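Note sheet for the following structure.
The values are calculated or read from the model by the stated rules, or taken from the named source; none is laboratory data. Model, not experiment: these values are computed from the prediction. As a convention, Cβ positions derive from the backbone with ideal geometry for all residues, glycine included, and neighbour counts pool all protein chains shown.
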Amino acid sequence: MPKLTFATAAYLLIATALWAGNAIAGRLLVGSVSPITLSAVRWGLAALLLLPLGWRVFKPESALWQNKKRFLLLGLFGVGSYNVLLYLALQTSTAINVTLIGASMPIWMLFIGAVFYQVKPNMLQLIGALVSLLGVAIVLTRGELATLLSMQMVIGDLLIMLATILWAFYSWMLSRPGASTERQWPWADFLMAQVLVGLLWTGFFDGFEIATGHAYLELNLWTASLILFVAVGPSLIAYRCWGMGVSGAGPTVAAFFANFIPLFTAILSAAMLGEPPQLFHGMAFALIVAGIWISSSQSRSTSA
């Protein structure tokens with residue numbers, strides 16, 4: 001049965017902190033590297049770094065080849081589409097907005113669990129999810145809820161919403177059919193399988209960016225350092241920590257930890273991007289935290 005321990009919480013917090021850094025790095029690289037090319041270079045470098053530990057997936061007897069369909073979806077949802085959509089979103093939306101909209105993940109996690117995995121949420125989880133949704137709505141409307149019906153969303157806001165839905169599917173897949181067997185794999189093999197498949201999907205998407213003449217890459221010490229960071233921290237370390245956190249706490253509880261990403265992003269944005277949080281960001285974050293508190297009330301009572 002999933003259980004939130006100190007170690008599991010630490011894994012999830014490390015992952016969210018690194019993904020906040022990923023949003024900042026992606027924003028800093030706007031204009032220097034095209035978004036899909038950035039994702040392709042990131043995962044290509046991550047695969048090379050992981051190769052000495054995860055080379056066994058290339059062996060014919062590897063479980064990767066026995067579970068091709070599953071890894072095609074894991075790679076598409078978790079590595080391929082999500083990261084491409086994230087970097088595309090950062091072309092038109094701010095790092096704070098992207099991570100706050102991504103904080104709607106608990107809502108999608110509850111919905112996908114109920115519809116596709118027959119895990120029905122309780123009333124407190126639903127109330128908490130609705131409170132969090134209100135926080136996301138404040139971000140989308142820039143704090144003016146009266147304009148909700150006439151609002152014109154930035155395309156980046158819609159892209160990160162789609163990415164969040166795909167990530168919710170990915171997280172459920174990590175803890176559901178096939179997960180118990182995969183926990184017996186060496187962690188590097190399991191991550192390498194996802195990275196390789198995700199890299200294939202990203203390369204496919206990057207082909208369109210190259211064909212349309214929108215691909216570019218300006219390498220210098222600064223951009224190379226940022227790319228190295230996203231290849232190691234938000235890729236290898238964060239994905240490993242997230243997988244361990246989801247396995248330990250379950251996808252629904254893990255999803256609520258994603259709400260820490262906006263907090264870390266706001267702090268980093270103020271320090272590095274000159275994009276200090278505004279009042280509506282604070283209102284949104286307060287509602288999202290309130291949603292987490294309400295949703296976890298029953299589990300806290302049960303533990304007590």
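Quick notes on this structure:
- Figure legend. Inter-residue proximity from region 48-62: first residues without any contact (Cβ under 8 Å) to a residue 60 or more places away in the chain and within 9 Å of Ala188 (Cβ to Cβ), second residues of a type outside the set (Phe, Trp, Tyr) and assigned to a helix (DSSP H, G or I), beta-carbon distance below 9 Å, spacing 6+ or different chains. Indicated pairs: Pro52/Ala188.
- Meets criteria (over 17 Å from Gly245 (Cβ atoms) and modelled with pLDDT of 90 or more) for Thr181: no
- Residue tally, condition exposed (fewer than 12 other Cβ atoms within 10 Å of the Cβ) and among the hydrophobic types (A, V, I, L, M, F, W, C), over region 204-223: 4
- Near pairs, Cβ below 9 angstrom, 6+ apart or cross-chain, from region 257-272 (on the phi < 0 side of the Ramachandran plot) to any residue that is of a type in the set (Lys, Arg) and assigned to a helix (DSSP H, G or I): Ser269/Arg27; Met272/Arg27
- Taking the listed residues Val195, Val253, Val246, Val230, the one that is under 15 Å from the mean Cα position of the chain (by Cα), crowded, with 20+ Cβ neighbours inside 10 Å and either in a loop (DSSP other than H, G, I, E, B) or modelled with pLDDT under 80 (or both) is Val253, with no other qualifying.
- From the options Ala20, Ala63, residue that is at pLDDT below 85, among the hydrophobic types (A, V, I, L, M, F, W, C), touching a Phe, Trp or Tyr at 6+ places or on another chain (Cβ under 7 Å) and more than 23 Å from Phe205 (Cα to Cα): Ala63
- Residue check for Thr37: crowded, with 16+ Cβ neighbours inside 10 Å, of a type in the set (Ser, Thr, Tyr) and closer than 22 Å to Leu196 by Cβ: yes
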